[in-house]
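The structure appears below as structure tokens.
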Amino acid sequence: MTSMLLDPSRRRVVGALFAATLAPLCTLSFAAGRPGGPGHANRFVLVVLRGGLDGLAAVPAIGDPDFAAARGEMANFGAAPLPLSGLFALHPNLGHLHAMYGRGEMAVLHATGLPYRERSHFDAQQMLESGGTQPYQISTGWLARALKSAGHKGLALNTAVPLVLRGAGEVDTWAPSAMPDPSADLVARLERLYAGDRALAEALARAKGLRGDTDMAAAGNDAAMMQGGPRVQVVALARKAGEFLGKPNGPQAAVIEIGGWDSHANQTAAQGAVAGNLRSLDAALAALRDALLEPAAQGAWQRTVVVVATEFGREVAINGTLGTDHGSGGMALVLGGAVKGGQVLGDWPGLAKKDRFEGRDLRITADLRALFKTVLDQHLRVPTAALEREVLPGSAGLRVLDVLKG
């Protein structure tokens, strides 16, 4: 019989000792800073919207002369869009983000996307997370490679680590749980069992530390988050991300995944899935900001950049089921105290049918990887050679964006 003490393939199990499966809509993963590293290093959050957010719903180009005709019933939002600069506005359910834009804490990159046009969720998400120029070209994540180049370790707040964080070496896991805590006797027995194996003993110690450090004030709060519905979970997890990042020696980067953005039907409904998801996203990002502004976070918001991205946009025109089908061009948000906000970046291609990609999609004029490159280069200070050769290969020709403070 194989002993667990001698089986290296099982050593990651201990890091998940107190983990429980989260609801499928939303998961949260962290990449933890190197122990003993700088106590007030910059922070980064990547929010992945899985399913393909309609960028023209979130940030409509209401000033484009072809917008109303191109969008049809989807040009009516049930309430007035919130004005930005130039042609653009925000969906009326994004009030917190509109306030951040007004304070100079949020910018928009529009008509953006990946070097991919084939409309497959699986292929596009693989590229979004791997940083490659074609699907399955790279099997690890660009953020993992960036953190590895700086000597940081990974921590996933879920039982599975998303691809964008895979490849950084050893990755611990943590997840909130509605289950009762393990007994002190069980933990003591595990400590004795693992005493002769350094890797397992250290993993158990980290698991104990994570549980004690992030018990959400009481075990009952874990249960409340699990049972409170998708919106409550998203907001609660975003707040927890801020609490982790706000610690002096907390993680340097976090990844939040939010599903449910595929919108083939009923997108025009004022209380439909897209409108509700945007409302939840707005509340979650506000909760993240609030947590990073807490006194205990010691100014972490001012050292934070948050990027919100999706695998692709949607077709411009409405389909037969009052929704939108898979497209290519979309938008990304970048926010935080370290952001030069109050601007919409990008070369707007127009919405006339002749200006669309294949006569269907918002045409991509800005590579989304340029935004990733900007954050990694100017905010996380990844060495240029590693950035262009290993982290985002093929990005040497992508110019950084003027979206971060100096």
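If I compute solvent accessible area with a 1.4 Å probe over the protein chains, what percent of it on the stretch 39-118 is carbon and sulfur? Working shown, then result.
Details: 1470 of 2630 Å².
Whole-percent figure for carbon plus sulfur exposure: 56.
Residues with beta-carbon under 15 Å from that of Ala284, excluding Ala284: net charge, scoring Lys, Arg +1 and Asp, Glu -1?
Residues close to Ala284 contribute a combined charge of +2.
May I ask you to rank Arg389, Arg166, Arg314 by accessible area, largest first, using a 1.4 Å probe over the protein chains only? Walk me through the intermediate numbers first.
Numbers: Arg389 150, Arg166 115, Arg314 5 Å².
Order by accessible area, largest first: Arg389, Arg166, Arg314.
For the stretch 267-406, what relative contact order do you get, as a whole percent, if you take Cα pairs closer than 8 Å and at least 6 residues apart? Walk me through the numbers on the way to the answer.
Working: 169 pairs, mean separation 26.2, N = 140.
19 percent.
What is the spin-label model distance, in nm, from Lys354 to Ala396 if the labels are put 7 Å beyond Cα along the C-beta direction?
With each label point 7 Å from Cα toward Cβ, the separation is 3.9 nm.
In a shell of Cβ-Cβ distance under 9 Å around Gly342, excluding Gly342 itself, what net charge do Lys and Arg (+1) and Asp and Glu (-1) give? Intermediate values should be presented prior to the final figure.
Numbers: positive: Arg103, Lys340; negative: Glu105.
Charge balance in the 9 Å sphere: +1.
In what sequence, largest accessible area first, do Glu129, Glu390 appear using a 1.4 Å probe?
On the way: Glu129 15, Glu390 90 Å².
Ranked list, largest accessible area first: Glu390, Glu129.
Using a 1.4 Å probe on the protein chains only, how many percent of the accessible area of the stretch 301-382 belongs to carbon and sulfur? Let's see the in-between values first.
Working: 1170 of 2460 Å².
On the stretch 301-382, the fraction of accessible area on carbon and sulfur atoms equals 48 percent.
So how much accessible area does Ile138 have, in Å² to the nearest 10, using a 1.4 Å probe?
About 30 Å², ignoring ligands and nucleic acids.
Once the whole set of protein chains is in place, how much accessible area is left on Leu322, using a 1.4 Å probe, in Å² to the nearest 10?
60
As an exercise, use a Förster radius of 35 Å and the Cβ-Cβ distance of Thr321 and Ser139 to find the FRET efficiency, rounded to the nearest 0.05. Numbers along the way, then the final one.
On the way: r = 36 Å, r/R0 = 1.03.
The formula returns an efficiency of 0.45 here.
What's the FRET efficiency of Asp66 with Ala386 using the Cβ-Cβ distance as r and R₀ = 35 Å, to the nearest 0.05?
Details: r = 43 Å, r/R0 = 1.23.
After rounding, the FRET efficiency stands at 0.20.
Short version: ³J(HN,Hα) in whole Hz for each residue of the stretch 342-357, in order, from phi by Karplus 6.51 cos²θ - 1.76 cosθ + 1.60 (θ = phi - 60°), x for Gly and Pro, what are they?
Listing the rounded values in order: x, 8, 10, 9, x, 9, 5, x, x, 10, 4, 4, 5, 8, 7, 5 Hz.
For a protection proxy built on the mean count of beta-carbon atoms within 10 angstrom, sort 304-312, 261-269, 240-248 highest first, please. Display every interim value, and only then the final one.
Numbers: 304-312: 25.9, 261-269: 18.4, 240-248: 21.6.
Taking the mean over residues of other Cβ atoms within 10 Å, the ranking is 304-312, 240-248, 261-269.
In the structure displayed, which of Lys373/Lys405; Lys240/Lys405; Lys247/Lys405 lie more than 19 Å apart, Cα to Cα? Walk me through the numbers on the way to the answer.
Working: Lys373/Lys405 15 Å; Lys240/Lys405 26 Å; Lys247/Lys405 23 Å.
The answer is Lys240/Lys405; Lys247/Lys405.
So who's got an amide H within less than 5 Å of the one on Thr310, skipping anything under 5 residues away but keeping other chains? H placed 1.01 Å off N, in plane.
When sequence neighbours closer than 5 places are left aside, the close amide H contacts are Leu49.
How big is the stretch 242-316 in terms of Cα radius of gyration and Dmax, in angstroms?
15.6, 45
Give the accessible surface of the stretch 250-406 per residue, rounded to a whole number of Å², with probe radius 1.4 Å and ligands, DNA and RNA excluded. Let's see the in-between values first.
Details: 5620 Å² over 157 residues.
About 36 Å² of surface per residue is accessible.
State whether the stretch 352-392 is rounded, prolate or oblate according to the following rule on the C-alpha gyration tensor (a ≥ b ≥ c being the square roots of its eigenvalues): a/c under 1.5 gives rounded; otherwise a/b larger than b/c gives prolate, and the remaining case gives oblate.
Details: a/c = 6.08, a/b = 3.34, b/c = 1.82.
Cα axes put the stretch 352-392 in the prolate bin.
Can you tell me how much longer the chain between Ala201 and Ala270 gets when fully stretched, taken as 0.36 nm per residue apart minus their C-alpha distance, in nm with one decimal?
Details: separation 69, 0.36 × 69 = 24.84 nm, distance 5.28 nm.
Gain on stretching Ala201 to Ala270: 19.6 nm.
Can you give the accessible area of Thr365, probe radius 1.4 Å, in Å² rounded to 10?
Ignoring ligands and nucleic acids, Thr365 comes out at about 60 Å².
Quick one: ranking Lys354, Lys148 by accessible area, 1.4 Å probe, largest first, what do you get?
Details: Lys354 165, Lys148 125 Å².
These residues rank, largest area first, as Lys354, Lys148.
The values are calculated or read from the model by the stated rules, or taken from the named source; none is laboratory data. The shown structure was predicted, so the numbers you read here are calculated from the model rather than taken from an experiment. Counting neighbours? That spans all protein chains shown, and the Cβs are built from the backbone with ideal geometry, glycine included. With ligands, DNA and RNA removed, areas are computed over all heavy atoms of the protein, side chains included. Shrake-Rupley method; radii C 1.70, N 1.55, O 1.52, S 1.80 Å.
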